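S.K.: Can you read through this structure? Questions will come right after.
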Amino acid sequence: LAKSISEFLKELHSLSTETLTEYISDNRKGCIEDLKLLQTEVYNRLNKKEIYFVESIFSQIFNNNNIFNGDKCLVHNDFSCNHILLNDNYDFIGVIDFGDACITDEYCDFLYLLEESDEEIGREFGLKILKYYGLRDIETAVEYADLKDKYYPIETILCGIKNESEKLFNEGLKLLKESSNG
């Protein structure tokens with residue numbers, strides 16, 4: 001299964017994007033915009049410790065140039081076990097939900113594969129996929145995934161703002177407050 005998933009990702013990531021350069025998603029620029037939005041829309045609802053927590057996450061992101069230097073390629077951008085199709089014998093048969101697909105850092109397709117949660121397949125299996133994939137810098141992929149986990153409360157807050165969902169905003173705020181105290 002790990003080998004089949006890695007082969008799918010290699011095939012997806014190898015598709016030519018040279019005529020699509022205007023569609024490249026710049027994750028560094030997106031993080032800068034996220035921070036500005038937080039500063040203007042959310043900081044007034046946070047205490048000093050929570051602001052420090054948010055800024056420490058962004059500091060880790062901006063100080064790790066490797067995560068933005070991965071190969072740019074076509075990515076599914078929401079590659080989780082919920083989007084992997086298996087038959088009754090647990091053979092890989094396909095992938096669904098390409099709604100977030102874009103051209104960006106290849107590491108984006110490894111985030112959920114490296115997540116330790118009840119919802120995902122577990123880091124050990126994800127690392128097996130990355131070895132079959134032949135990823136040059138597995139350590140950076142793991143760092144990227146770990147930063148993404150820390151970023152989740154921020155992402156939830158921003159999703160609430162952008163979708164005008166008070167429920168999501170408040171959920172993200174609660175998660176942020178819990179994370180900054182933990």
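S.K.: Roughly how much of T17 is accessible, in Å² to the nearest 10, using a 1.4 Å probe?
M.R.: 30
S.K.: Another question about this same structure. What order do R136, R123 take when sorted by accessible area (1.4 Å probe), most exposed first?
M.R.: Details: R136 180, R123 50 Å².
Highest to lowest solvent-accessible surface, that is R136, R123.
S.K.: Which whole-number percent gives the relative contact order of the range 73-143, counting Cα pairs below 8 Å spaced six or more residues apart? Walk me through the numbers on the way to the answer.
M.R.: Values: 94 pairs, mean separation 21.2, N = 71.
Result for the range 73-143 is 30 percent.
S.K.: Can you give the Rg/Rh ratio of the range 41-111, where Rg is from the C-alpha atoms and Rh is the Kirkwood radius?
M.R.: Working: Rg = 17.6 Å, Rh = 15.1 Å.
Rg/Rh for the range 41-111 comes to 1.17.
S.K.: Quick one: how many Å² of S16 are accessible to a 1.4 Å probe, rounded to 10?
M.R.: Here the accessible area works out near 90 Å².
S.K.: Then there's this: How large is the direction-averaged shadow of the alpha-carbon convex hull of the range 7-165, in nm²?
M.R.: Details: hull surface 43.1 nm².
The Cα convex hull of the range 7-165, projected and averaged over all directions, gives 10.8 nm².
S.K.: I'm a student and want to see the number: the projected area of the Cα convex hull of the range 1-82, averaged over all directions, in nm². Walk me through the intermediate numbers first.
M.R.: Working: hull surface 31.5 nm².
For the range 1-82, averaging the hull's shadow over all directions gives 7.9 nm².
S.K.: Relative to the present Cα-Cα distance, how much length would full extension add between K10 and L86 at 0.36 nm per residue of separation?
M.R.: Numbers: separation 76, 0.36 × 76 = 27.36 nm, distance 1.84 nm.
The span from K10 to L86 would gain 25.5 nm if fully extended.
S.K.: Throw me the Rg/Rh for the range 33-76, computed over C-alpha atoms with Kirkwood Rh, two decimals. The partial results should precede the final answer.
M.R.: Values: Rg = 13.7 Å, Rh = 12.2 Å.
Radius of gyration relative to Kirkwood radius: 1.12.
S.K.: Where does each of C159, C102 land when they are ordered by accessible area, with a 1.4 Å probe and the largest first? Before the final figure, lay out each step's value.
M.R.: Values: C159 50, C102 30 Å².
Output order, biggest surface exposure first: C159, C102.
S.K.: I96: accessible area at probe 1.4 Å, nearest 10 Å²?
M.R.: For I96, the solvent-accessible surface is approximately 70 Å².
S.K.: Please go through the range 74-157 and write out the chymotrypsin sites (Phe, Trp or Tyr not before Pro) that DSSP classes as loop and that have at most 11 other C-beta atoms within 10 Å.
M.R.: Details: sites: F79, Y90, F92, F98, Y107, F110, Y112, F125, Y132, Y133, Y144, Y151; in loops: F79, Y90, F98.
Here the chymotrypsin sites (Phe, Trp or Tyr not before Pro) that fit, given the DSSP loop and packing criteria, are Y90.
S.K.: Continuing with the same structure: Can you give the angle from 0 to 90° between the axis of helix 166-181 and the longest principal axis of the chain, with both taken from C-alpha atoms, to the nearest 10?
M.R.: 80
S.K.: Between I138 and N66, what length comes free when the chain is fully extended (0.36 nm per residue of separation minus the Cα-Cα distance, one decimal in nm)?
M.R.: Working: separation 72, 0.36 × 72 = 25.92 nm, distance 1.12 nm.
Value of the extension gain: 24.8 nm.
S.K.: While we're here: Using only the alpha-carbon atoms, how far is helix 2-14 inclined from the longest principal axis of the chain? Give it as 0 to 90 degrees, nearest 10.
M.R.: Computed tilt is about 80 degrees.
S.K.: Next question. Determine the per residue accessible area of the chain with all protein chains present and a 1.4 angstrom probe, expressed in square angstrom. Write down the numbers at each step before the final one.
M.R.: Values: 10500 Å² over 182 residues.
Using a 1.4 Å probe on heavy atoms only, each residue of the chain averages 58 Å².
S.K.: Which entries in the list K49/K148; K72/K167; K72/K150; K36/K148; K29/K148; K72/K177 go over 26 Å, if you measure between the two C-alpha atoms of each? It would help to have the intermediate numbers written out before the result.
M.R.: Working: K49/K148 20 Å; K72/K167 34 Å; K72/K150 23 Å; K36/K148 18 Å; K29/K148 16 Å; K72/K177 34 Å.
In this structure, K72/K167; K72/K177 exceed 26 Å between Cα atoms.
S.K.: Run the accessible area of the range 121-182 with a 1.4 Å probe and give the carbon-and-sulfur part as a rounded percent.
M.R.: On the way: 1770 of 3560 Å².
Ligands and nucleic acids excluded, carbon and sulfur give 50 percent.
The values are calculated or read from the model by the stated rules, or taken from the named source; none is laboratory data. This one's a predicted model, so the numbers in the text were calculated from it and none came from an experiment. For neighbour counting, all protein chains shown are included, and Cβ atoms are generated from backbone atoms with ideal geometry for every residue, glycine included. In case anyone asks, the SASA skips ligands and DNA or RNA and just uses the protein heavy atoms, side chains included. Shrake-Rupley method; radii C 1.70, N 1.55, O 1.52, S 1.80 Å.
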